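Structure record follows, encoded as structure tokens.
Read-outs throughout are calculated quantities, based only on the coordinates presented, and are distinct from any laboratory measurement. This is a predicted model, so every value here is computed, not measured. Counting neighbours? That spans all protein chains shown, and the Cβs are built from the backbone with ideal geometry, glycine included.
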Amino acid sequence: MKQKNQMDIALFSVKQLFVAVTIFSIFANLLMLTGPLFMLQVYDRVLASGSVETLTALFLLITGLFLIFGLLDFARGRVMARAGAKIQTLLSDRIDDIAISLPKDKDGISPSQGPVELTALRKAVSSPAPFVFMDLPWAPLFLMVMFIFHPMLGYFGLFAGVVMFLVTLINHRGAKGIQQEALALEQQAEMISNQAIGNSEVIRAMGMRDAVVLKIQAARVWATQRVLKANDRGAAYSSGSKSFRYYVQSAILAVGAYLAISGAITPGAMIAASILMGRALAPIEQGIAQWPTILRGHNAYKNLISLLKKYPEEPKRTLLPKPDAKLAVKNLTVTAPASDKLTLVGVKFDIEPGEVLGVLGKSASGKSTLTKALSNIWPPAAGSIKLGGADLFQWPSDELGKFIGYLPQEISLLSGTVSENIARMEQDVHSGLIIRAAKAAGAHEMILGLPDGYETQIGEGGSFLSGGQRQRIGLARALFGDPVMVVLDEPNAHLDADGEIALVEAVKELKNNNKCVVIAAHRPNIVSICDKILVLENGRVSAFGPRDDFLGDLAKTKRLEPRKRKTIGKLTRLKA
């Protein structure tokens with residue numbers, strides 16, 4: 001089933017709830033005639049006859065009817081709340097998957113905004129906003145009853161309804177842009193604040209606090225001003241419409257009184273017409289009051305439709321057997337997310353089982369981009385990456401992830417225990433597998449030295465750990481589950497001498513177990529255990545071959561171009 005229909009599937013799943021609410025709304029709106037009819041009977045029959053018995057019977061009748069009305073109104077509110085929650089539940093898995101798995105794109109809504117939009121849609125569905133559209137069609141019925149009382153009453157009510165409707169349209173046209181701008185500014189201010197929180201240590205250490213606080217305050221002040229403007233505009237229309245409705249109800253009493261004095265209608269009809277006027281205008285007034293919620297929900301719906309269409313669900317793929325540790329990259333070209341810039345162009349190499357590839361190059365040469373592409377994080381714009389003879393796209397991403405170990409340059413750990421992070425947050429994992437991965441990474445003894453060992457809570461992002469501890473736990477996570485390919489991006493950036501020794505031993509063990517390993521690094525003790533060297537320059541391969549061809553005698557490289565000789569010379573000095 002195509003992913004673009006997933007929103008329709010979610011809405012269809014709550015179809016019965018919508019039908020139930022519609023039925024409740026039909027009877028609730030019919031019961032709204034109770035008040036006008038009661039007033040009509042009291043003024044025209046009870047007061048004229050002086051019958052207490054009739055008054056008692058009518059009072060008992062409306063007591064029961066208003067009780068039923070209250071139950072129906074309560075029920076439809078609860079049902080819509082459950083409909084909103086069910087829509088969120090049905091879509092949350094896919095929306096969260098998009099937010100977690102995909103980088104920000106240069107066009108349209110960011111995948112990370114998906115959960116926010118889904119929450120906004122749920123709130124809109126669960127709010128009184130949908131009742132505007134369910135109650136509004138009943139306004140003509142109330143106006144029709146007023147026409148039955150007297151045409152002048154009907155035309156007066158129709159005129160008031162048209163005025164209120166025009167006010168709603170003006171409110172819509174004026175508020176839409178302001179609401180969207182205010183929302184965007186609020187999100188921008190929140191993003192700046194979150195970035196500042198994430199870099200709080202650097203901000204404090206470098207005396208940036210006042211400057212950053214001013215920047216955050218400026219963003220929030222500007223956002224608040226736009227929000228206040230949007231709220232003031234909405235409040236003005238809401239208060240104006242409410243005042244207009246009260247005025248119209250009083251004005252129609254004056255019209256009714258004139259008709260009653262003229263003998264055209266009864267006093268009861270005069271009172272009933274005033275109540276009906278209020279009921280006819282109430283949905284329009286509610287629509288004006290709920291307009292920000294309606295706009296936000298509508299925008300969230302459109303954004304989610306766009307997101308689901310732009311990032312379709314992976315098609316069902318045949319589960320392939322565990323691949324061999326053989327990597328083949330051919331003419332690989334990669335563009336950075338949210339950009340058209342080519343960060344890798346025409347990269348080509350291969351690794352056999354038991355081989356280690358060292359990826360070298362200056363900053364921004366494309367090393368990290370290559371590790372992300374090999375780990376199936378950034379998809380190729382052209383070319384192919386084959387593991388065990390199968391292109392990476394032939395694998396379901398979750399299944400492929402079990403065969404790849406990835407250690408990013410910036411270690412990202414999740415709140416939880418050391419054990420949970422090593423086990424990649426899987427549940428009910430045998431402790432032996434976790435300990436084996438930790439030992440393979442040389443982190444077992446270090447973990448035992450933590451306050452609660454493997455059950456130590458690491459804090460948000462591993463904030464309770466040092467940089468070296470995070471890196472070694474990240475390496476253990478990469479080795480968990482016996483992956484066939486391990487990709488390491490600057491794995492020794494935060495390691496001390498013991499940590500580097502443990503890293504070298506871990507790579508040697510991977511070689512002995514016929515795994516293929518890719519290491520983006522600079523330090524010589526890492527390069528020295530590589531079998532092949534790949535040199536990147538401006539996203540292109542400037543040199544590739546066996547390690548000895550690079551680190552051996554310079555005389556063996558005379559066949560290379562001068563530019564490559566310069567690179568080789570650097571590698572030779574690195575060995576020394």
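Panel order for I377, I288, by other beta carbons found within 10 Å of each beta carbon, from fewest to most: I377, I288. Taking the chain as the reference, fit the longest principal axis to its C-alpha atoms, fit the long axis of helix 52-101 to the helix C-alpha atoms, and give the angle between the two in degrees, 0 to 90, nearest 10. Orientation of helix 52-101: about 20 degrees from the principal axis. Cβ-to-Cβ counts within 10 Å put C516, C530 in ascending order as C530, C516, the fewest first. Taking a point 7 Å out from the Cα of L11 in the direction of its Cβ, the residues of the range 116-142 whose backbone N falls within less than 18 Å of it are 117-127, 129-135. The distance from the alpha carbon centre of the range 210-278 to that of the range 343-363 is 68 Å, rounded to a whole number. Residues of the range 59-78 with amide nitrogen under 15 Å from the 7 Å Cα-to-Cβ point of L30? Answer for this model: 65-66, 68-70, 72-73. With a Förster radius of 60 Å applied to the C-beta separation of F165 and D548, the computed FRET efficiency comes to 0.15. You can think of it this way: the chain between A254 and A328 has 17.9 nm of extra reach, that is 0.36 nm per residue less the Cα-Cα gap. Computed from Cα positions, the angle between helix 139-149 and the longest principal axis of the chain comes to roughly 0 degrees. Considering only alpha-carbon pairs that sit under 8 angstrom and 6 or more positions apart, the relative contact order computed for the chain is 14 percent. Taking amide H positions as modeled 1.01 Å from N, with prolines and chain starts lacking one, the residues under 5 Å from S542 and 5 or more places away or on another chain are V535, L536, E537.
The simple spin-label model puts a point 7 Å past each Cα toward its Cβ; for L60 and E505 those points are separated by 9.1 nm.
Under the simplified labelling scheme, the I197-I100 pair shows an inter-label distance of 2.0 nm, with each label point 7 Å from Cα along Cα→Cβ.
Based on the Cβ-Cβ distance from V19 to Y247, what FRET efficiency comes out when R0 is 51 Å, to the nearest 0.05? Don't skip to the answer; put the middle values down first.
Values: r = 38 Å, r/R0 = 0.74.
That gives a FRET efficiency of 0.85.
Tell me whether the range 220-337 comes out rounded, prolate or oblate; compute the Cα gyration tensor, take square roots of the eigenvalues as a ≥ b ≥ c, and use a/c under 1.5 as the rounded threshold. The shape class here is prolate.
Taking the longest Cα principal axis of the chain as reference, the axis of helix 431-440 is set at about 50 degrees. Against the set (i) 45; (ii) 25; (iii) 16, the structure's computed percent of Cα pairs over 42 Å apart falls on (i). Simple spin-label estimate for F393 and K316 gives 2.1 nm between the two label positions (7 Å along the Cα-to-Cβ direction from each Cα).
With the Cα gyration tensor of the range 403-457 giving a ≥ b ≥ c as the square roots of its eigenvalues, does the rule (a/c under 1.5 for rounded; else a/b larger than b/c for prolate; else oblate) give rounded, prolate or oblate?
It is rounded, given that a/c, with a ≥ b ≥ c, falls under 1.5.
Rounded to the nearest 0.05, the FRET efficiency derived from the C-beta distance between A211 and Q409 at R0 = 22 Å is 0.20.
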